[in-house]
Amino acid sequence: MKKVHIVPHMHWDREWYFSTEESRILLVNNMEEIMDMLENNPNYPYYVLDGQTSILEDYFAVKPENKDRVRNLIQAGKLIIGPWYTQTDEMIVGGESIVRNLLYGIKDSEEFGAPMRIGYLPDSFGQSSQMPQILNGFDIKYSIFWRGTSERHGTDQTEFYWETADGSKVLVQLFPLGYAIGKYLPEDESELQKRLDKYFTVLDKKATTENLIIPNGHDQMPIQKNIFEVMEKLHDLYPDREFFLSKYENVFDELEKNHTLPTIQGEFLDGKYMRVHRSIYSTRMDIKSANARIENKITNILEPLATIAYRLGFEYHHGLIELIWKEIMKNHAHDSIGSCCSDKVHREIMSRFYLAEEKTDQLIEFYKRKITDATDVNYKEDRLTAFNLLPYERNEVVTTEVITKLSSFELKDFQDNTIPFELIDKTELDPGLIDRQIVHYGNYDPFYKYTVQLKDHIPAMGYKTYYIVDCDQTNYDTTFEEKDVVETDFYRISVNSNGTLNIFDKENQEEYQNVLLLENGGDDGDEYDYSPLLNEKLIYSTQLNAENKIVQNQFETHIRIHLTLPVPSDLEYRKAGKRDSKVTVDWNITIPNHKALIKIEAEIDNQARDHRLRAFIPTNIASKFSVSDNQFGYIRRDVYDSAMDIWEKENWNERPDSIYPMLSYVGLSDDRHGLSVLTNSTREYEIVGENYDTIAITLFRSIGVLGKEELVRRPGRPSGIKLPTPDSQMLGKQTLEFAIVAYKGSTIEANVARMAKEYLTPIETYNKIPYNAMKLNPSEVKTPENYSLFIEENSNAVLSTLKKPEKDDGLVLRIFNPGEEEESSFHMSNHVCKAFEANLNEEVVSSLDTRDEKLRVKLRENQVKTVLIK
Ligand SMILES: [Zn+2]
């Protein structure tokens, strides 16, 4: 007899085409009804609160008096909460963000009772291949989702094991028809039967056991009060089936009895049975860029810096850091980061990013100041401190500002060596801007702001102090010279008249031509999906006349390119072939002379509507697959999705263009060499060209509707609603950052993940002067002039983050291996008493070998490991 589990729940998009403020009012209303039912009706056993604790946070902000009521229901097992903080996206949200989403979600749940131990993401637009590993890291063995599967992954059933390369494994219960088939179940028998007959046909066919699930809920749906009446009708209509109110855990208990389920691997990003929106990754590029930039700042700069400060004796501000994470995790909900919301909601999202970034920047500044202020030296001079937050020594060009009253100065290190530097700029600064008290007491003498550039070795995971010493005269001659062609240790680069670059890669004796060619085409889509015009002639920057200027000094090269691409102002003009509007692009390119990195900043000013702009990076490598990163690993994807040939015949919901997400890099390579794009902004790419040899990265897409029907790539009903969203046209200015790097060997062998990490972890500096508007009392802590917390000795692993454990003293070091199995070792500067391997929830799993003050960690391919150091 079929057992039909009717699971009461609500799917709570905190915001979408409606604001968080609107949904919060509904929440306060709905929660009362849910609690009332659970408290007063013994036959109503469970209610699932959408797997996310932000709902509780929103609720208690206005109803703190109901905490005990909620706690009682949770502890009685009736109200089911967690494990997530929000319903996260898995495609363009970083590994640490997903880990913290579970970490804080579980922590917040445990204040009230035990969380649901299911990786419940019923609506996320595609499933990351690394999810089983992340879930297992929190002792979660089950997963429920809807979008992204098809038979070609190896099974057409709704239950299977899903595993990652490192051996992690979860048991999956798929919702083949989504999370809302049981929404507002009608009491009318014929209507009820009509609906369920259709569902049972699919559920019966795809289930591996007698257990079926009808999730009784929908987006923002209030509790269905007449569910008992409906269930009586169901008993009458289907006497051969057993219906009962249930919870997802009960289903897994039943599934555990079946030992013959298939095991499959990989990501799920097929739009066959449900939409996954391959191309949503570039909607509202301002939102996407802000997320990339802030995620990188928190994990690459703030947390390691706070950890160094903590090791030196300062407080680790868990509370402030949790506030920052929660601010951005609200934006990581699938609709929010997808940016398929109303303009009003996108403004709210941007304001959260603004708050998160301001908190991050100010906390970074605070820690740099604390460490630098406390340096234990007799020198009275001003100081400049350079921080390297990677676990190896780096020889870097540092461009920074020095503010001083001195009309000339030199830089000395702790051994009294003079450090040569080059002056880039010198301006006068009003003293009131530094501290209004200076002017208040009648001193109007100006300060000078010097922009200086130097190159030096900065210690691993630590810092180096320089002293700003008065001197009679300094040789400020700049070595910047105008050039036609750039020569660095790695490249010879020239700029073509149309603003593209020709890059000769000296190491591989390979020339890449027309790098940064622009491609522009119409976008007749919506906030969910890109939709090309049929038979459109695309516009390229090939024939443009761009202005450019190249200057190079002893340290690096700057290339500035200004170009204006004439484009049609909207789809009507585009169809008519009239280019009456424009996009201007300013490329600001910085190339260190001693490194293989080409750093690119694009300042874009868009004046046109309904179009997409991409930059092409040719690699000369005809490729079958690309390599890019997802959370804690790499992923190989075919450059051409073979389902493109059959999607129409098989009635896919969505055309499977090979438009894909990345987190920090994408590369093409052969056995000999490769080329990659690293990114601190856009996370969308497609491999294009007749031979699939060119990386196209999306700079932005511009559309004006939340959801449309009948798109070229997505036939049928609109996604979301047909609401105008003029802000998504992305009119005006925005800035993107990415980089290009060439290397020997394949993308995996060359360890491009580490190159991306280094690109995303710039050297940070702090300039200590005797003035600061915000006073701090001197601290008791004394810090050394130079410092290194630890150094890696032999490692191909990538640092994910370094932090203080949430509950205990010590350090959390998280690393991952984006390549073949390996053993990493780290040398700790302070005596390591004990080190343990921990799970992602920072709980000890086993102790680690720390002979000779060395920490040894073995990592399988694409494996992430957390080390607790005491
Ligand atoms: Zn949703």
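Quick notes on this structure:
- D693 meets all of the listed conditions (1) farther than 27 Å from N651 by Cα; (2) out of contact with any Pro (no Cβ under 7 Å at 6 or more places or on another chain); (3) of a type outside the set (S, T, Y) but one, namely (2).
- Residue count for the stretch 75-88, restricted to those that are open to solvent by less than 10 Å² (accessible area, probe 1.4 Å) and either part of a helix (DSSP H, G or I) or within 16 Å of the ligand (Cβ to nearest atom) (or both): 5
- Number of residues in the stretch 318-345 that are within 16 Å of the ligand (Cβ to nearest atom) and assigned to a helix (DSSP H, G or I): the value is 9.
- Qualifying residue in the stretch 136-144 (condition: assigned to a helix (DSSP H, G or I), open to solvent by 10 Å² or more (accessible area, probe 1.4 Å) and away from the ligand (no atom under 16 Å from the Cβ)): yes
Matching residues to (1) closer than 30 Å to T619 by Cα; (2) without any contact (Cβ under 8 Å) to a residue 60 or more places away in the chain:
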site	(1), (2)
P446	no, yes
T465	no, no
V469	no, no
K506	yes, yes
E510	yes, no
L516	yes, no
D523	yes, no
E527	no, no
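- Qualifying residue in the stretch 369-382 (condition: open to solvent by 10 Å² or more (accessible area, probe 1.4 Å), within 16 Å of the ligand (Cβ to nearest atom) and in contact (Cβ under 8 Å) with a residue 60 or more places away in the chain): no
- The strands (runs of 3 or more DSSP E) located wholly in the stretch 456-556 that include 2 or more residues which are of a type outside the set (A, V, I, L, M, F, W, C), crowded, with 20+ Cβ neighbours inside 10 Å and in contact with a strand residue (DSSP E or B) (Cβ under 7 Å, 6 or more places away or on another chain) occupy 462-470, 517-522.
- Selected residue (only one of E654, E603, E650 is touching a residue at least 40 places away in the same chain (Cβ under 8 Å), among the acidic types (D, E) and in a strand (DSSP E or B)): E603
- Some residue of the stretch 699-707 being over 21 Å from E603 (Cβ atoms) and touching a Cys at 6+ places or on another chain (Cβ under 8 Å): yes
- Out of T149, T158, one residue alone is open to solvent by 10 Å² or more (accessible area, probe 1.4 Å) and more than 16 Å from the ligand (Cβ to nearest atom). It is T149.
- Residues (more than 16 Å from the ligand (Cβ to nearest atom) and touching a Phe, Trp or Tyr at 6+ places or on another chain (Cβ under 6 Å)) located in the stretch 98-135: R100, L102, Y104, G105, I118, Q130, P132
- E820 part of a loop (DSSP other than H, G, I, E, B), surrounded by fewer than 16 Cβ atoms within 10 Å (Cβ to Cβ) and within 27 Å of the chain's Cα centre (by Cα): yes
- Of all residues in the stretch 177-212, those that are among the aliphatic types (A, V, I, L, M) and touching a Ser or Thr at 6+ places or on another chain (Cβ under 8 Å) total 2.
- Flag for N43 being under 21 Å from E110 (Cβ atoms), surrounded by fewer than 19 Cβ atoms within 10 Å (Cβ to Cβ) and either within 16 Å of the ligand (Cβ to nearest atom) or polar (S, T, N, Q) (or both): no
- Unmet criterion (only one of (1) crowded, with 22+ Cβ neighbours inside 10 Å; (2) part of a strand (DSSP E or B); (3) under 23 Å from the mean Cα position of the chain (by Cα); (4) not hydrophobic (A, V, I, L, M, F, W, C)) for Y743: (3)
- Test: residue in the stretch 850-858 that is in a loop (DSSP other than H, G, I, E, B) and free of Cβ contacts under 8 Å to residues at least 40 places away in the same chain: yes
- Filter result (outside any helix (DSSP H, G or I) and open to solvent by 10 Å² or more (accessible area, probe 1.4 Å)) within the stretch 95-122: E111, F112, G113, A114, P115, R117
- Qualifying positions in the stretch 595-652 - over 29 Å from R574 (Cα atoms), open to solvent by 20 Å² or more (accessible area, probe 1.4 Å) and in contact with a Pro (Cβ under 7 Å, 6 or more places away or on another chain): Y634
- Unique residue being free of Cβ contacts under 8 Å to residues at least 40 places away in the same chain, open to solvent by 10 Å² or more (accessible area, probe 1.4 Å) and not in a strand (DSSP E or B) when the list is M755, M774: M774
- In the stretch 567-581, the condition of being touching a strand residue (DSSP E or B) at 6+ places or on another chain (Cβ under 6 Å), of a type in the set (D, E, K, R), in a loop (DSSP other than H, G, I, E, B) and open to solvent by 70 Å² or more (accessible area, probe 1.4 Å) is met by at least one residue.
- Those residues of the stretch 1-29 which are buried (at least 18 other Cβ atoms within 10 Å of the Cβ) and away from the ligand (no atom under 16 Å from the Cβ), in sequence order: V4, H5, I6, V7, P8
- The residue list N250, N258, N216 contains one member that is more than 30 Å from D629 (Cα to Cα), away from the ligand (no atom under 16 Å from the Cβ) and in contact with a helix residue (DSSP H, G or I) (Cβ under 7 Å, 6 or more places away or on another chain), which is N216.
- Subset of the stretch 514-544 [within 31 Å of the chain's Cα centre (by Cα) and of a type in the set (S, T, N, Q)]: N514, N520, S531, S541
- Output for the stretch 777-788, where each listed residue is touching a Ser or Thr at 6+ places or on another chain (Cβ under 6 Å) and either open to solvent by less than 30 Å² (accessible area, probe 1.4 Å) or among the acidic types (D, E) (or both): T783, E785
The values are calculated or read from the model by the stated rules, or taken from the named source; none is laboratory data. None of these values were measured; they are calculated from a predicted model. So basically every Cβ, Gly included, is an ideal-geometry build from the backbone, and we count neighbours across all protein chains shown. For the accessible areas, the whole protein counts, side chains as well, though only heavy atoms, and no ligand, DNA or RNA atoms are used. Shrake-Rupley method; radii C 1.70, N 1.55, O 1.52, S 1.80 Å.
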